[in-house]
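Down below is the structure, laid out as structure tokens.
The values are calculated or read from the model by the stated rules, or taken from the named source; none is laboratory data. Here the structure is a predicted model, which means the values were calculated and not measured. Note that each Cβ is placed from the backbone with ideal geometry, even for glycine, and that neighbours are counted across all protein chains shown. Accessible surface is based on the protein model in full, side chains and every heavy atom, while ligands, DNA and RNA are left aside. Shrake-Rupley method; radii C 1.70, N 1.55, O 1.52, S 1.80 Å.
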Protein chains: 4
Amino acid sequence: MIDFRSDNTGRAAPEILDALIRANEGTALGYGADEWTARLQDRFAALFETNVRVFPVATGTAANALSLAASSPSWGIVYCSEIAHINTAETNAAGFFGGGLKLAPVAGSYGRISADALAAALTANPPGQTHRGAPAAVNLTQATDLGGVYSLDEIGAVSEIAKRRGLKVHMDGARFANAVARLGCTPAEMSWKAGVDILSFGATKNGGALCDAIVVFDQGLADGLAIQLRRAGQVWSKMRFASAQLMAYVENGLWLRLAGSSNAIAARIAAGVEGMTGVRLIAPVEANELFLELPPGAMDALERDGFQFYRRSVTLARFVCRFDCTTGEADALVGSLARICEDKAQAAE
Amino acid sequence: MIDFRSDNTGRAAPEILDALIRANEGTALGYGADEWTARLQDRFAALFETNVRVFPVATGTAANALSLAASSPSWGIVYCSEIAHINTAETNAAGFFGGGLKLAPVAGSYGRISADALAAALTANPPGQTHRGAPAAVNLTQATDLGGVYSLDEIGAVSEIAKRRGLKVHMDGARFANAVARLGCTPAEMSWKAGVDILSFGATKNGGALCDAIVVFDQGLADGLAIQLRRAGQVWSKMRFASAQLMAYVENGLWLRLAGSSNAIAARIAAGVEGMTGVRLIAPVEANELFLELPPGAMDALERDGFQFYRRSVTLARFVCRFDCTTGEADALVGSLARICEDKAQAAE
Amino acid sequence: MIDFRSDNTGRAAPEILDALIRANEGTALGYGADEWTARLQDRFAALFETNVRVFPVATGTAANALSLAASSPSWGIVYCSEIAHINTAETNAAGFFGGGLKLAPVAGSYGRISADALAAALTANPPGQTHRGAPAAVNLTQATDLGGVYSLDEIGAVSEIAKRRGLKVHMDGARFANAVARLGCTPAEMSWKAGVDILSFGATKNGGALCDAIVVFDQGLADGLAIQLRRAGQVWSKMRFASAQLMAYVENGLWLRLAGSSNAIAARIAAGVEGMTGVRLIAPVEANELFLELPPGAMDALERDGFQFYRRSVTLARFVCRFDCTTGEADALVGSLARICEDKAQAAE
Amino acid sequence: MIDFRSDNTGRAAPEILDALIRANEGTALGYGADEWTARLQDRFAALFETNVRVFPVATGTAANALSLAASSPSWGIVYCSEIAHINTAETNAAGFFGGGLKLAPVAGSYGRISADALAAALTANPPGQTHRGAPAAVNLTQATDLGGVYSLDEIGAVSEIAKRRGLKVHMDGARFANAVARLGCTPAEMSWKAGVDILSFGATKNGGALCDAIVVFDQGLADGLAIQLRRAGQVWSKMRFASAQLMAYVENGLWLRLAGSSNAIAARIAAGVEGMTGVRLIAPVEANELFLELPPGAMDALERDGFQFYRRSVTLARFVCRFDCTTGEADALVGSLARICEDKAQAAE
């Protein structure tokens, strides 16, 4: 079987597990008061070229929901894409941790939200009204849930609209590495320099094992978040084993090599399917995911050929490239798709 | 330095980290739909001699708070010891995840709750009243937060009172292994056979690294809990790396060997301080913790001798034994205490 | 000024305030244990031809949010119309009282939800998935937020789909009286006989003063709700003053006379504007509200003529008829609209 | 029957219901945007001699819980008396509306909290720790739940300790009028001048009918509270009927006359029982409540004599005086107690 189901079905990068082993010596204070976690703070400050607070957490859902809970009062409104992960796939964790905050969808292309649409939503919800809730934050998924990547200008435009109304800007960076690798920019440029206040920094989907992180740029959010994380059961007593993973993840550019690799595989497949009869990419491939409309029966045929992927509808398939997908696997998928679609086209004649 | 600060300052058992490495091959479905997690279910069913659902979670706080949230409506009362960890050290996580549930202290000895005191509390809160909240669950910490261990009869007595009023019984087993090792009973005898409905199964304090677990005996609680865990950001997408740790933890009796070792060290220290002038154990030593009242200045002197421990008050010190504490370290502590206390006694003459 | 702004800008029916005065004698137990509240239970059981529990509450928001909190676990999904009051105008009270439950819009006409659209939404959210939340309840607004009224068959069709999946059916009856008056059916037919489990029974908009009520048909919901209401600060200690209002409201058919009157005024205006150039009703007028698209400038002109109403957009005006609106006021509005629109039409030629 | 059960079993002062009738004319904007509510703001600013925001609410539970939710983050600790109403009788509404905040008992006499005990509690919970929650607010019940009244100095002393750590000071003034009447001070002196930031201003227990109020002195709390109240279903659409009650309540000193009357009745009873054999006041009578320890069987005998009251334990009875209790009723109670206790004393010889 060749697995394109998700970037969370894969292995961890060996460097990350090795770091766990290396951290297993001596004693260390619990709950993040250890040396590994102290070094993590410094390492991320260097990586992001500014003062940050970094909080390792178990999952991206925790990172997103607690970031938003820190950014909004419980009666707040958080604007996001209709298809944002926080809106479709996290069991309303943001609403739960946020004490009743509400997600409000904003239009945009390929999983982005548009600055103009955000501006219109804010205009429709003027200061002083109390019956809808108070605009509090905006969420950007970078890379998006349709495999798109915001440009730096697009992030900046959304942030500017948000900041005028005092909204916090949260970036769901479950695939932050893939987006940085795509844009070729610095982590700073894609986050605080573009107006991001707080970041869900994903590692798991890109070769991590058991932790992601929250990176806080707006220092006013950090102390409250620290206590919310403790209450949320997201502060490991043996935190060193989480911090060590995150250190290894960014060491020597590992994270960007891994993301560059999965991006390249996705691009290779995208190039391969270009012009194929009956096959249509429903969104530009800018990171490591492909969303393909396929002819009837093609998905069954692909599975018979040994490929694994997710069906989003009867005609829409999602393929996700992991850091350890090979060009051989990519070419096999393209080859299989080509053969299947040719057969379908001939049968249709 | 010799570290008696906590059982969470220590290393992980190497077997547990090795299991992570071994689990790092091939692809696997996310969010617990993998083979490792399936095997974990079977392994724990065998371990507990009954049908169970096992949910790996990141921390003991998550295990406790989500177990209680599953056991109580949001307007429920959860009875616990005044000094229970859920009441003193988890930032009211139970109240948060429980949507406003309230912890109500019940008297008892050495961190236990007494069945009689529970019965009295329930009598004072009769069915039908609405101004206090509804009795919903009872929490037992086993081993207790003063290093005590409930006997099987004591657990059974509390459970019986609880069950008459329809309360769920939750055991906070952060040190479940230490208690099983102490009692020499089976895990089943100390849990569901004694009336426990849901168990926080600790591993971190006893050689684990990054996960504990919830073990559900009352199957009616499991489905709701599963979705609450997802919302709580406690379901890793690469769950195999958690499940593999828990498998290794119980494999070949590792967990009980580790707990037996830390218990023995604590007992050795307890025996050593017996009769020492000015030194008083404020609770019987039944697991791996010691709570010692010491003469004025003794704690400073101990620190000068290179020992690390927690000060609970100006005269009360806590010493916790880890699985990898040595008899040499125990004897060094006893020796140092003996010398310090003799000095104090002479100075007092 | 002639006021068509809302049915909550109006007076209370004098009978209702008189009942307050009459209840002001002697002493009575607090928190609903009084005789007035006991009689209210019997009176509503007779009114609804079945065993019910009636809970007076301060507002419709409380009635809706607490009804839904009683009908759903905190991780539940409540299906409703996109424009339902609970979704647009209650500050996400349902999400708050529901501990994080989520509202999910379902399509339909004129503020209704369609049974087919509900069925499709449920199919897309199959049992066992945990990443979206669990389908738990459906909310119908009767009369709808666009002045429409569900037929009994429409309610029944939605309920049937809901019940197949175990969902509770909640009716937001802020204008329940208007809908009963419109359909000419019994309260029972429009509620439990059509599958409704729990009802927000509005009084305030139809001549009430300071209370609405929750009417519970599914007795399994009542005890939990009782305690939630107490915690929500919705149980008056001098409950008799609320119960007396509700008794007076339904006494001798007062409620249906009041609703019949406001419905008739709305119908009179609807008939009057039929065929007027430049004026368009965007929804059939089935209760006491009219939503009119008007030519540019018409709203300004109407205000200059002394009419009060709400602007929903630059071209859409809402007019609400209260129980004490007069035919003279209705005719004045129609006359003014006719003149304004004729002027606009001439100016456009 | 002569009723001493509670001050919420009684009638409303006729002036308050009359105000409802008088407010029932013309139309008015909903949700507090009416003229009555505007006048209420001015009236209370004059009454409290400072700028305030006044929010009518349905119940004292709502006033308390929402005041505290406005004063604390969801991970906050609110210090209060062990026997405070918020801790014993409001179904943990503060914990619910506060999103998981926790009440922490502080010692003191007769339902007060002591400034020293508060200082000690704060010292034990230093800044920066995260495992207990963050000290956020302190709650004073004035008059207390044992019928005591804080002196102005006592309030000031607690506030001073609180303010040093940045805690908000909330006063539960369910019997605020009784305390003001007792102290003979101004409302300002007993609230913001003594450090109170936010006040639950009770009316119901002192001749009100269907509303209490929150009075906000710390203006930074008001805007968030406004939206929380809306979400809580505590903002009546026909708010004028609530505001009119509160206006009438304070008009011409009505509230203090009523409270003075019930206080005087309580004092009369207290004087009457002084020295009675077998009868003991367990707390000084400073407002309108008496807590009496009585000989075995005395409570049964009192009930046979036609008196109603609450049993707090087998030997402890609570008697509450309403604004409309008469001296005749007081004397009857004293007479009955004297006879019963004499009988008991004789029987004991």
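Among the helices (runs of 4 or more DSSP H) confined wholly to the range D:198-274, which include 3 or more residues that are under 25 Å from C:ALA93 (Cβ atoms)?
Filter on the range D:198-274 gives D:222-231, D:240-250.
Working only within the range D:310-320, note down all residues that are in contact with a strand residue (DSSP E or B) (Cβ under 8 Å, 6 or more places away or on another chain) and within 12 Å of another protein chain (Cβ to nearest Cβ).
Across the range D:310-320, the qualifying residues are D:TYR310, D:ARG312, D:VAL320.
Quick check: is even one residue across the range D:48-61 basic (Lys, Arg) and in contact with a helix residue (DSSP H, G or I) (Cβ under 6 Å, 6 or more places away or on another chain)? Break it down stepwise before answering.
Initially, the range D:48-61 is screened for residues basic (Lys, Arg), giving D:53.
Right, trim to in contact with a helix residue (DSSP H, G or I) (Cβ under 6 Å, 6 or more places away or on another chain) and you get D:53.
For the range D:48-61, residues basic (Lys, Arg) and in contact with a helix residue (DSSP H, G or I) (Cβ under 6 Å, 6 or more places away or on another chain): present.
Report yes if some residue within the range C:250-259 is polar (S, T, N, Q), more than 19 Å from the chain's Cα centre (by Cα) and either open to solvent by 20 Å² or more (accessible area, probe 1.4 Å) or modelled with pLDDT under 95 (or both); otherwise report no.
Among the residues of the range C:250-259, at least one is polar (S, T, N, Q), more than 19 Å from the chain's Cα centre (by Cα) and either open to solvent by 20 Å² or more (accessible area, probe 1.4 Å) or modelled with pLDDT under 95 (or both), which makes the answer yes.
So if I check each of B:ILE77, B:ILE86, which one is more than 14 Å from chain A (Cβ to nearest Cβ) and among the β-branched types (Val, Ile, Thr)?
Result: B:ILE77 is the single residue among B:ILE77, B:ILE86 that is more than 14 Å from chain A (Cβ to nearest Cβ) and among the β-branched types (Val, Ile, Thr).
Consider D:ALA181 carefully, then state whether it is open to solvent by less than 20 Å² (accessible area, probe 1.4 Å) and modelled with pLDDT of 95 or more.
No: the conditions fail for D:ALA181.
Of the residues that sit in the range D:275-311 and are more than 16 Å from D:ARG339 (Cβ to Cβ) and acidic (Asp, Glu), which one is nearest to the chain's Cα centre (by Cα)?
Residue satisfying both the conditions and the ranking: D:GLU289.
One line per residue, one yes/no per condition, for (1) part of a helix (DSSP H, G or I); (2) under 20 Å from B:THR27 (Cβ atoms); (3) touching an Asp or Glu at 6+ places or on another chain (Cβ under 7 Å); (4) without any contact (Cβ under 8 Å) to a residue 40 or more places away in the chain:
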position: A:GLU286; (1), (2), (3), (4): no, no, no, no
position: A:LEU290; (1), (2), (3), (4): no, yes, no, no
position: A:PRO296; (1), (2), (3), (4): no, no, no, no
position: A:CYS325; (1), (2), (3), (4): no, yes, no, no
position: A:GLY328; (1), (2), (3), (4): yes, yes, no, yes
position: A:ALA332; (1), (2), (3), (4): yes, yes, no, no
position: A:ILE340; (1), (2), (3), (4): yes, no, no, no
position: A:ALA345; (1), (2), (3), (4): yes, no, no, no
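Test of understanding: among A:ILE214, A:ILE269, A:ILE265, which residue is at pLDDT 95 or above and within 30 Å of D:PRO127 (Cα to Cα)?
That would be A:ILE214, the only listed residue that is at pLDDT 95 or above and within 30 Å of D:PRO127 (Cα to Cα).
So if I check each of D:THR61, D:THR50, which one is among the hydroxyl-bearing types (Ser, Thr, Tyr), at the interface with another protein chain (Cβ under 9 Å from one of its Cβ atoms) and over 30 Å from D:ASP300 (Cα atoms)?
Residue meeting the stated conditions: D:THR61.
Hey, could you check the range D:126-157 for residues that are touching a Lys or Arg at 6+ places or on another chain (Cβ under 7 Å) and at pLDDT below 95 and say which is nearest to D:ALA181 (Cα to Cα)?
D:GLY133
Give the residues of the range B:3-29 that are touching an Asp or Glu at 6+ places or on another chain (Cβ under 6 Å) and free of Cβ contacts under 8 Å to residues at least 24 places away in the same chain, sorted by residue number.
Listed by number, the list holds a single entry, B:THR27.
Please work out which residue is least open to solvent (accessible area, probe 1.4 Å), limiting yourself to the range A:300-317 and to residues that are of a type in the set (A, V, I, L, M, F, W, C) and more than 19 Å from B:LEU29 (Cα to Cα).
Let us first name the residues in the range A:300-317 that are of a type in the set (A, V, I, L, M, F, W, C), namely A:301-302, A:307, A:309, A:314, A:316-317.
In the following step, the residues that additionally are more than 19 Å from B:LEU29 (Cα to Cα) were identified as A:301, A:314, A:316.
Values: A:ALA301: 13, A:VAL314: 135, A:LEU316: 29 Å².
In this case the residue turns out to be A:ALA301.
Checking the conditions here, which among A:ALA89, A:ALA104, A:ALA93 is open to solvent by 10 Å² or more (accessible area, probe 1.4 Å), among the aliphatic types (A, V, I, L, M) and touching a Lys or Arg at 6+ places or on another chain (Cβ under 8 Å)?
Unique residue meeting the criteria: A:ALA89.
A quick yes/no check of all residues on (1) open to solvent by 40 Å² or more (accessible area, probe 1.4 Å); (2) of a type in the set (Gly, Ala, Ser); (3) under 25 Å from D:ILE227 (Cβ atoms):
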site: C:SER6; (1), (2), (3): no, yes, yes
site: C:THR9; (1), (2), (3): no, no, yes
site: C:ALA19; (1), (2), (3): no, yes, no
site: C:VAL52; (1), (2), (3): no, no, no
site: C:CYS80; (1), (2), (3): no, no, yes
site: C:ALA117; (1), (2), (3): no, yes, no
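Within the bounds of the range C:68-86, is there any residue that is touching a helix residue (DSSP H, G or I) at 6+ places or on another chain (Cβ under 6 Å), modelled with pLDDT of 95 or more and small (Gly, Ala, Ser)?
Checking the range C:68-86: at least one residue is touching a helix residue (DSSP H, G or I) at 6+ places or on another chain (Cβ under 6 Å), modelled with pLDDT of 95 or more and small (Gly, Ala, Ser).
Take the residues of the range B:89-128 that are in contact with a Phe, Trp or Tyr (Cβ under 8 Å, 6 or more places away or on another chain) and β-branched (Val, Ile, Thr): which is nearest to the other protein chains (Cβ to nearest Cβ)?
Across the range B:89-128, the extreme among qualifying residues is B:THR91.
With the requirement that a residue be under 21 Å from the mean Cα position of the chain (by Cα) and surrounded by fewer than 20 Cβ atoms within 10 Å (Cβ to Cβ), what does the range B:209-220 give you?
Within the range B:209-220, B:ASP218 is the sole residue that qualifies.
State whether one or more residues within the range C:108-125 are among the basic types (Lys, Arg) and within 24 Å of C:LEU290 (Cβ to Cβ).
The answer is yes, given that some residue of the range C:108-125 is among the basic types (Lys, Arg) and within 24 Å of C:LEU290 (Cβ to Cβ).
Among the residues of the range C:202-238, which ones are facing chain D (nearest Cβ under 9 Å), among the aliphatic types (A, V, I, L, M) and in contact (Cβ under 8 Å) with a residue 24 or more places away in the chain?
We begin by selecting, within the range C:202-238, every residue facing chain D (nearest Cβ under 9 Å); these are C:204-205, C:208-211, C:227-228, C:230-238.
Still in the list and also among the aliphatic types (A, V, I, L, M): C:209-210, C:227, C:232, C:235.
Of everything in the range C:202-238, those that are facing chain D (nearest Cβ under 9 Å), among the aliphatic types (A, V, I, L, M) and in contact (Cβ under 8 Å) with a residue 24 or more places away in the chain turn out to be C:ALA209, C:LEU210, C:ALA232, C:VAL235.
Take the range C:12-39 and flag every residue that is of a type in the set (Asp, Glu) and either more than 8 Å from chain D (Cβ to nearest Cβ) or in contact with a Cys (Cβ under 6 Å, 6 or more places away or on another chain) (or both).
C:GLU15, C:ASP18, C:ASP34, C:GLU35
Which members of the range B:184-195 meet the condition of being over 21 Å from B:ALA65 (Cα atoms) and open to solvent by less than 40 Å² (accessible area, probe 1.4 Å)?
B:CYS185, B:PRO187, B:ALA188, B:ALA194
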